[in-house]
1. Nearest 500 deg cm²/dmol is fine: what mean residue ellipticity at 222 nm does the chain get from its DSSP H runs of n ≥ 4 alone, each adding -39,500 (n - 2.57), divided by its residue count?
2. At a 10 angstrom cut-off on C-beta neighbours, averaged per residue, how do the peptides 200-206, 211-217 rank from highest to lowest?
3. How large is ³J(HN,Hα) for each residue in segment 504-510, as worked out from phi by the Karplus curve 6.51 cos²θ - 1.76 cosθ + 1.60 (θ = phi - 60°), to whole Hz, x for Gly and Pro?
4. How many Å² of accessible area per residue for segment 471-517, probe 1.4 Å?
5. Figure the gain on full extension for Thr115 and Asp561 (residue separation times 0.36 nm, minus the Cα-Cα span) and round it to one decimal in nm.
6. Divide the volume of the convex hull of the Cα atoms of segment 309-465 by its number of residues and quote the answer in cubic angstrom per residue.
7. Please list, ordered by chain and number, the residues whose modelled amide H lies under 5 Å from the amide H of Gly183; skip anything fewer than 5 residues away on the same chain.
8. Using the Kirkwood radius built from alpha carbon pairs, what does the Stokes-Einstein equation give as D for the chain at 4 °C and 1.567 mPa s, in µm² per second?
Amino acid sequence: MVASSLDDAVLVVTDGEGHVLGSCFRAPILDSDRTGTYLVTTAHGLAVDARRGNTVLVVDRAGRCHQADVVLCPTSAPDVGLLYVGRHLGEPLDCVSPAPSGAVVIRGAMSGLDTRIGSLRGWHTGLESLTGEQMMAVTIHDLGFLEPSASADHVGSLAYAGLRGMSGAPVCDADTREAHAYGMVVRRNIGGIANRVYAVPIDTVRRYLARAGYALRVTRRLDNSSQPESLLVGRLMTRLLGSPGGLHDLWEVASGLFYSGVPVDATFLAAIRQPEQFGLDTLRVAELEFLLARLLFKRGDQRDGLALLRKARALAGRSATADHRGLAALIDLRMALHVARELSPARRRSVLELCVGTYEQAPGYSDDEQAYEVASAIGSEASQLAADTGFVRADAAARRHFSTLLTKHTGLLTGYPRLLRDKQEVVNLALSAVDIMWGTDDRAERAERLTELAARGKLAAIQRGNKIFYTQMLLADAIAAQLNGRPRRAYALTCLVGAIMASSDLRLSHEGVPSYLSYLDENDRTTANLLRTAYAVDLPDARSVLLASELPPSADRSALDAALAWCQSIEINARNISDIFELETLIRDL
């Protein structure tokens, strides 16, 4: 979710004694363990002696003061600091990259105002090199009329003085209704032209925070061009492919765009069919086939995805160059997850370990890239395994294999948090939920642990704007409610999941969902039937179909009727992701 406006997302940083240290803004840091608020500001704006563990006061738009811990305050570049307030102050700004040239708004703690915070209009002219860093150069239009003419008394610059306190202010799109933060003001211009400021791009902020162990969620935008999205994706594709780490970078961008509704898969398919129009050789075509196959697997389209993988593997095997061998090893790792599904757990484990070992020895990939791909493959294998008959029927070898995969995935997430947290933390939470569901603890203990994990998982989904994972955590919450003897809540949450997935064109075969369905099929057929029915038909029809069907003896008809009636009474609009997350306020009292 993003802040409803820029106005309330910016706060003033003070030392508690009335002195303004600068500005700060609520930032989308991915941290499912803490429910408070992270604030990004400049390091120089904090107290000179600030170190980890010290505190400052931040003041919100209403004048309320909040104590904030100084989490990060480096003494060298980049000039980025991080604060944390132990309570929820509101939704963060949507951080966006790259920063386009054009009209911007800067909001911060200006000097010389009767109000605490003010907004300035300006123009981002592009990136300039300053003290060895790439900075956004912003000319502020609103300050031009403040600059006095030169006089014998050498009157100081009112514009320069007025900008004191703006360090840490976000540089946003001029459309403040959406409040997209592209950068953060770090310094005024000391060269003489006072209505010029410099800001660090949001990608610089993200990279520094990542090195310090904090994941800032940044949305990748194509650009503000009026050209068709397919052309913009094509340009992005041809720019990244062939560059160091480009295949991984393209997957990161493409998967995010894919879930935001941009038809990335259509552009990839067009490039595969007519590579000459995109200037692609056979190796780049194979890379695109590999990426498109991954998107299809995410959708649950195993057949077409596997066919594409095989085509990509054939192209990658045409040459023995390092690039070809590296891609072939990566494709083999992914293919092993699908072609080995019918093998015994022991053989399946052996095949995966062999492919992981081969890929880790392949040339052309950094340690970080390899950690990401191995973690992704392990997570996918564990998710598939949890839906297989052997695992469901408590086959000892299958259960041991799953536990080993979960342990390895957790180890990689812990060892490489900078690269893995954004995408793989939610995978780890989903696998942990499966582990709890099938555990041997008594029902009450499993219910408690699963409820806590679902709450943490929903927070992680909200931080990422991940609708698909949010629905999975609703299912985990529903299973916990059933274990805890709350059938009405369990049925209502399940009904919501079915309706949300249907209205969002998501499949019940989408990666991760089958593991929950397998558990329900084995342990709670009523809830499993409810999920499938709510997915297949409209809610009014779902109610009549289920109540007229032959339900298992364990079904609580009155709770089912009440849950379906409740779902009909609320308006479900899953097209807009914020509407889904607003359901949190509705389901708390179920």
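1. Rounded to the nearest 500, it is -16000 deg cm²/dmol.
2. So the peptides 200-206, 211-217, ranked by packing, come out 200-206, 211-217.
3. Working through the residues one at a time gives 9, 6, 9, 9, 5, 8, 4 Hz.
4. Solvent-accessible surface per residue comes out at 24 Å².
5. Gain in length upon complete extension: 155.1 nm.
6. Numbers: hull volume 18.6 nm³, N = 157.
Convex hull of Cα atoms, per residue: 118 Å³.
7. Answer set, sorted by chain and number: Val171, Ile202.
8. Diffusion coefficient, whole number: 50 µm²/s.
The values are calculated or read from the model by the stated rules, or taken from the named source; none is laboratory data. Every value quoted in this text rests on a predicted model; they were computed, and no experiment measured them. Note that we place each Cβ from the backbone using ideal geometry, even for glycine, and neighbour counts take in every protein chain shown. With ligands, DNA and RNA removed, areas are computed over all heavy atoms of the protein, side chains included. Shrake-Rupley method; radii C 1.70, N 1.55, O 1.52, S 1.80 Å.
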